[in-house]
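Have a look at the structure below before the remarks.
The values are calculated or read from the model by the stated rules, or taken from the named source; none is laboratory data. This structure is a prediction, so every number in the text was calculated from the model and none was measured. Using ideal geometry, Cβ is built from the backbone for each residue, glycine included, and neighbour counts are taken over all protein chains shown. With ligands, DNA and RNA removed, areas are computed over all heavy atoms of the protein, side chains included. Shrake-Rupley method; radii C 1.70, N 1.55, O 1.52, S 1.80 Å.
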Amino acid sequence: MTESSRTLEGLNQEQREAVSAPLSNMLVLAGAGSGKTRVLTCRFAHLVDGYGVSPSSIMALTFTRKAADEMRERIEALLGHPLRGLWIGTFHALALRILRYHSDKAGLPSAFEVLAAGDQQRIVRRILRGRELNDREFPPARVCAFINSRKEAMQRPKDLGSCEQPWEEQAKAVYKAYEELCQSSGLVDFAEILLRTYELLSTDEELLEEYRFRFQHLLVDEFQDTNDLQYRLIRLLAGDTGKVLAVGDDDQSIYGWRGAQIGNLEKFRRDFPEVSLIKLEQNYRSTQAILEAANAVINHNQGRIGKHLWTDKGQGESIKLHEAANARDEADFVLNQIHSWQADGRSLSEVAVLYRSHAQSRILEERCRLNSTAYSVRGGTPFYEREEIRHALAYMRLLEDPNVGGAFDRVINFPPRGIGDRTQALIRSHALSHECSLWESCCRSDFLQELPPRARQAVQHFCEQVSGWRQEVNGLTLSEIAFLAITSTGLKDYYRKETPSEISEVRIENLEELIVACHNYEETEDEGSPDETPDGTTRLQRFLDRIMLDAPVEGENAPDTLSLMTLHSAKGLEFPLVFMVGMEQNIFPHRRALEDRGHSDGLEEERRLCYVGITRAMELLYLTYAQSRQMYSRTEYNMPSQFLFELSEEEQEEPSASASSKDEQEPPPSLSDVKLRKGSRVSHRKFGAGVVISVSGSGEHTQASVAFHRSGVKNLMIRYAPLTLLD
Ligand code: ATP
Ligand code: MG
């Protein structure tokens with residue numbers, strides 16, 4: 001076999017065309033599961049094998065770390081050898097790499113620190129307090145969102161004109177103070193990573209040329225979810241000669257709320273020279289039944305580019321609906337189905353449970369634990385965001401460089417050592433006015449003299465301790481440093497005394513787990529060596545950068561675990577068995593989208609998210625909802641999600657082609673069991689009371705026309721419609 005045919009093997013004609021296309025800009029626009037990511041991967045390999053491009057001069061931008069890892073694996077498999085130093089990663093990870101290489105040019109201290117979302121809020125909260133702005137009117141999360149969206153629109157505080165609204169005027173002032181604080185403490189938040197990189201490359205021509213020369217090929221997955229800044233970065237890096245392959249699906253744009261621009265797909269065709277367009281139409285992932293459901297739902301959106309997706313996988317099992325009494329029963333139903341799946345010899349790792357909001361994972365986790373079902377949660381409060389871990393990491397950073405402001409700030413009085421809020425505020429303002437780090441302030445005797453004796457003593461003692469630990473860590477491995485950061489600093493002892501003991505135990509376990517994680521990183525993941533640091537980064541920095549952006553999920557790679565995740569984090573993935581739980585109005589579509597009545601955009605984005613969810617399923621899809629649900633300590637009764645109706649209404653118009661295929665199989669649960677005849681009186685959750693005027697079809701494909709007193713005549717697929725028989 002020739003080398004180039006190896007990278008084309010098993011592709012259909014359109015895919016081949018894309019993979020082997022001449023070197024030009026290209027847009028692959030196609031629906032879910034049609035092999036876009038596969039095309040991107042094969043194109044990477046083909047550039048190397050067929051066009052002789054060096055792997056290290058291709059930049060591939062993926063949406064998650066997992067996608068990046070998978071791509072690397074697939075490329076290594078295609079090329080038949082392992083690769084190092086590849087530029088495959090998320091926008092944030094690769095931009096961060098650029099900033100690390102050129103921190104001086106970017107105006108950052110070399111040990112600058114990435115600020116996690118939780119820490120960003122902590123800092124903003126403190127600024128708000130300093131200005132006596134209350135949390136109710138200025139929730140830190142909202143102010144952070146304001147700051148981040150301005151950064152994504154490439155607006156620094158100085159770029160913001162005077163604001164009409166007093167709220168914005170205040171938020172702008174907070175943004176300014178926040179920016180000054182981050183700059184003086186060497187802190188960089190997520191949005192800043194992209195903005196800084198953009199500013200760096202767009203102002204330093206020489207550097208830009210260097211990057212353009214090196215990266216002649218840019219491959220971007222999930223292009224529909226790029227925001228303005230990401231788009232501009234690509235445009236900048238490509239210049240006039242770089243070749244970009246963008247793959248995407250307008251129907252899967254689900255980050256509009258975070259500034260993603262669905263229009264970037266169109267813009268790409270306009271802005272880049274000679275873009276060839278390739279469409280893929282065959283779906284290789286899902287059965288006919290699943291694909292039909294997905295198409296039915298997404299058809300309710302306006303202004304789509306519109307695609308014709310088909311599959312030769314056969315009808316497959318129909319979509320299963322289940323109504324549960326409450327969220328706990330819903331979780332138990334899901335677990336029961338999963339256990340039967342396992343009883344049939346199938347694996348847990350083939351299963352995903354998807355939900356709209358992180359908080360919905362709690363009850364699922366609880367029931368999993370009760371049933372001893374191994375699971376991993378993606379996109380929840382990840383391991384590295386936990387309080388005890390954040391403290392341990394801050395100590396590790398501090399041991400490497402005490403000038404790192406965020407780390408110093410986090411642990412100066414944790415565990416408590418008598419350096420109170422007042423003293424801390426004095427240290428901060430001293431550092432700010434003298435343009436030095438918090439650590440440097442604490443080491444200055446003139447400043448220490450200004451402090452009351454007790455505070456002075458406490459600060460001095462802390463500084464001596466830090467200097468002592470710093471001497472100890474010299475020459476230690478990452479896991480040894482972690483050990484020291486957890487034990488010598490008193491962190492572990494502090495948590496050991498915490499009550500209740502269950503929490504204390506979990507925290508201690510987590511801290512120990514951190515040592516293991518460091519060890520594993522050293523052994524298997526780190527690409528550089530501890531001593532040799534061509535890019536000037538240390539191993540600890542690489543480890544921290546990695547976990548700040550997109551840490552591996554606990555249990556993610558364990559052989560047999562169930563995946564629990566939000567619909568957003570499921571993007572790009574696929575599973576033979578998928579559950580979408582909480583299919584209720586106000587949950588999914590989310591309340592916010594429903595309240596936003598003036599705009600249909602919010603609801604349309606929710607619908608695209610629903611499309612993303614449905615199209616994750618390969619063989620079998622369950623949609624479940626609960627009659628009642630505990631929400632923030634009260635019980636809510638939500639209607640079933642409108643998406644369920646959309647699924648059924650559409651199916652009336654285009655009855656499924658192979659309606660008789662699976663009638664003999666065991667009857668599907670719940671709704672299709674309703675025995676209906678002409679004249680039956682029924683009640684429907686959305687349409688109210690009505691009378692059946694005709695019934696057609698049989699088994700799970702039974703349809704009925706019902707005249708509703710309030711809403712007129714509706715055709716319903718009985719199996720999906722939440723109908724109750726009244727007589
Ligand atoms: P999404 O929009 O969800 O990101 P996608 O378009 O990126 O989907 P892929 O994940 O690349 O789709 O492919 C979906 C599935 O179909 C994968 O399991 C992939 O291996 C398989 N597949 C893609 N192309 C082919 C092909 N030509 N022959 C067989 N299987 C294929
Ligand atoms: Mg994909």
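Close amide-amide hydrogen proximity is noted between R719 and T702, each under 5 Å apart and 5 or more residues distant or on a separate chain (H modeled in the peptide plane; Pro and chain starts excluded). Counting DSSP beta bridges with both partners in the chain, what percentage is antiparallel, nearest 5? That works out to approximately 35 percent antiparallel.
Quick check: the angle from helix 361-370's long axis to the longest principal axis of the chain, C-alpha only, nearest 10 degrees? Value to nearest ten degrees: 80. Each peptide in 578-587, 143-152, 469-478 gets a packing score, the mean of other Cβ atoms within 10 Å over its residues, and the list from highest to lowest is 578-587, 143-152, 469-478.
Straight-line reach from K158: taking Cα to Cα under 23 Å and skipping same-chain neighbours fewer than 8 places apart, the lysines in range are K105, K172, K176. Shown are D421, D251, whose ranking by accessible area with a 1.4 Å probe and every protein chain present, most to least, is D421, D251. The solvent-accessible area of R390, taken with every protein chain present and a 1.4 Å probe, is close to 20 Å².
Taken one residue at a time, the phi angles of region 261-274 give Karplus couplings (6.51, -1.76, 1.60, θ = phi - 60°) of 10, 4, x, 4, 5, 5, 4, 4, 5, 7, 7, 9, x, 6 Hz. Gly and Pro are set to x. For region 198-261, the solvent-accessible area of protein heavy atoms averages 37 Å² per residue (probe radius 1.4 Å; ligands and nucleic acids excluded). The angle between the Cα long axis of helix 387-400 and the main principal axis of the chain comes to about 40°, on a 0 to 90 degree scale. Around the Cα centre of region 298-344, unit charges on the Cβ atoms of Lys, Arg, Asp and Glu (plus for the first two, minus for the last two) sum to a dipole of about 380 debye. Per-peptide packing, taken as the mean over residues of other Cβ atoms within 10 Å, places 231-237, 268-274 in the sequence 231-237, 268-274 from highest down. For R417, the accessible surface of its heavy atoms amounts to roughly 50 Å² (probe 1.4 Å, protein chains only, rounded to the nearest 10). Looking at region 113-185, what % of the alpha carbon pairs are farther apart than 20 Å? Of the Cα pairs, 22 percent sit more than 20 Å apart. To put it simply, the accessible area of the chain at a 1.4 Å probe is 48 percent carbon and sulfur. Rounded to whole numbers, the Karplus 3J(HN,Hα) couplings from phi for region 469-486 are 4, 5, 5, 5, 7, 3, x, 7, 7, 4, 5, 5, 5, 4, 4, 5, 5, 8 Hz, using 6.51 cos²θ - 1.76 cosθ + 1.60 with θ = phi - 60°, and x at Gly and Pro.
Close amide H contacts of A324 (hydrogens built in the peptide plane, cut-off under 5 Å, sequence separation of 5 or more or a different chain): Y625, A626, Q627.
3J(HN,Hα) along region 167-180: 4, 5, 4, 5, 4, 5, 5, 5, 4, 5, 5, 4, 5, 5 Hz, from the Karplus curve 6.51 cos²θ - 1.76 cosθ + 1.60 with θ = phi - 60°, whole Hz, x for Gly and Pro.
Taking 0.36 nm per residue of separation and subtracting the Cα-Cα distance, full extension of the segment from E636 to E595 would add 13.1 nm.
Over the Cα atoms of region 333-406, compute the convex hull volume and normalise it per residue, giving Å³.
Normalising the Cα hull of region 333-406 by residue number yields 127 Å³.
Surface analysis of region 384-548 yields an accessible area of 49 Å² per residue, using protein heavy atoms and a 1.4 Å probe. Ranking C610, C443 from most to least accessible surface, computed with a 1.4 Å probe over the protein chains only, gives C443, C610. In the chain the Cα-Cα distances spread across 20 Å bins starting at 0 as 15, 46, 32, 7, 0 percent of all pairs. Label separation (R6 vs R214): 2.7 nm, computed from points 7 Å beyond Cα along the C-beta direction.
For the chain, the longest principal axis of the Cα atoms and the long axis of helix 501-520 meet at an angle of about 80 degrees. Once the C-beta distance of D240 and W167 is scaled by a Förster radius of 41 Å, the resulting FRET efficiency is 0.40 to the nearest 0.05. Bridging of K492 to lysines at a Cα separation below 23 Å is possible for none of them, once same-chain residues fewer than 8 apart are set aside. Summarising the amide proton neighbourhood of K243: residues at separation of 5 or more, or on other chains, whose placed amide H is nearer than 5 Å comprise H217, L218.
Rolling a 1.4 Å probe over the heavy atoms of the protein chains gives region 113-185 an accessible area of 52 Å² per residue. Using a Förster distance of 51 Å, how high is the FRET efficiency between K267 and S429, based on the Cβ-Cβ distance and rounded to 0.05? About 0.65, to the nearest 0.05.
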